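Down below is the structure, laid out as C-alpha cells.
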Amino acid sequence: MSDVHPERRSTEPDCAEVVLRLFEYVDNEAGPEDRERIEQHLDACGSCLREYERDLLLKSLVRRACGPERAPHQLRMQILTRITSVTVVRSDVTQDGS
Ligand SMILES: [Zn+2]
C-alpha cells in the first residue's frame, strides 16, 4: 500500500510540494527546473495559485515591516502560522453557515 507515484512525481509536483517550495520560488531561490514545475502547477491549480498570491503579499508586508533587509526566519514563520490559522478558522465558519 503506497500512495507514492514516482513517475508522476517527476513531472507533476503535488500541492504539498509546491506549497513547501513557494517561499523559494517567491524569493527567486528555486532552481530553473523547480521554477518551471511550480509555474506549470500554479497554472493548473487554483488553490496553489492563491497560496502563491498570499506569499507574494506576505513577502511585501514583511519587506515593508523590516526595510530592505531580509526578514528574520522566526518572524516569517510567525506570520505564516497566523495566516494558516486564520484560513482554518475561516473554513470552519463556512462549514457552520448552514
Ligand atoms: Zn496545487
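Residues of the range 40-67 being in a helix (DSSP H, G or I), buried (at least 16 other Cβ atoms within 10 Å of the Cβ) and within 10 Å of the ligand (Cβ to nearest atom), which ones?
His41, Leu42, Cys48, Glu51, Tyr52, listed by residue number.
Based on this model, can you work out whether Glu29 counts as farther than 25 Å from Leu75 by Cβ and more than 16 Å from the ligand (Cβ to nearest atom)?
Judged against the criteria, Glu29 is not a match.
Each reported figure results from applying straightforward, stated rules to the coordinates on display, with no laboratory input. Keep in mind that this is a model prediction, so the values were computed, not measured. Every residue, glycine among them, receives a Cβ derived from its backbone with ideal geometry; neighbour counts consider all protein chains shown.
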